[in-house]
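Note sheet for the following structure.
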Amino acid sequence: MRTRQWLAAFFACGLLTVGFACGGDDDGDEAGGGGTTTEETASGEGTRVGLVSDVGRFNDRSFNQSALEGLQRAEDELGITGRPVESRQTSDYVPNLGTLAREGFDLTIGVGFRLAEALNTAAKRYTDSNFAIIDYSVNAPPFAKNPNVQGLTFATNENSYMIGCLAA
């Protein structure tokens, strides 16, 4: 009986710790940059954002789908105009990125590391357009001082640490 109580307390503490670790910082900025709180959210009206999937497509129940849901949430909460473009094969990456750049989207986002080469190519062709790549650092090859590309990376060490603690 005592073992069950100890295990229940351990898992409850673990769940609470994970809950606190997943929350935002004290400034109310989830990204950690000291920006706006929910009440101060800026309007995104007039902002056009394109999203290009990798070959996993948007219904992959994983990375691409999460990116699409984020775009839809930005449309609902910020008032941006979003356009998702699904890639069926790797040869679609550059044309899809280029289409959004030619259409004058304020930001074109590539979902994942598989788009790194294609996004680098598009960024060099369309220097007046802004690009971002999810889960890839622009300090790594193939990117070399592309001022119109931003890497959107995550502090995976933070959540991995908590999972390691729970596993131990």
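Farthest toward the positive end of the dipole of the stretch 48-103, out of Val52, Ile80, Ser62, is the Cα of Val52, where the dipole comes from beta carbon charges about the Cα centre.
Using the Cβ-Cβ distance between Thr156 and Arg73 with R0 = 22 Å, the FRET efficiency computed as 1/(1 + (r/R0)^6) comes to roughly 0.55. Measuring nothing but protein heavy atoms, the accessible surface of the stretch 55-118 at 1.4 Å probe radius is 45 percent carbon and sulfur. On a per residue basis, the stretch 52-131 carries 54 Å² of accessible surface, using protein heavy atoms and a 1.4 Å probe. Converting phi to 3J(HN,Hα) with the Karplus coefficients 6.51, -1.76 and 1.60 and the offset θ = phi - 60°, the stretch 142-151 yields x, 6, 9, 6, 8, x, 9, 10, 10, x Hz in sequence order, with x at every glycine or proline.
Around the amide H of Thr108, modelled in the peptide plane, lie the amide H atoms of Gly50, Asn130, Phe131, Ala132, all under 5 Å away and 5 or more residues distant in sequence or on another chain.
Label reach from Leu166 (point 7 Å along Cα→C-beta): in the stretch 129-158, amide nitrogens under 16 Å belong to 156-158.
Tyr126 contributes an accessible area of around 50 Å² to the protein surface, as traced by a 1.4 Å probe with all chains present.
The values are calculated or read from the model by the stated rules, or taken from the named source; none is laboratory data. Everything numeric in this text was worked out from a predicted model, so none of it was measured. Don't worry about glycine lacking a Cβ; one is built from the backbone with ideal geometry, like all the others, and counts go over all protein chains shown. The area values use the complete protein model at the heavy-atom level, side chains included, leaving out ligands, DNA and RNA. Shrake-Rupley method; radii C 1.70, N 1.55, O 1.52, S 1.80 Å.
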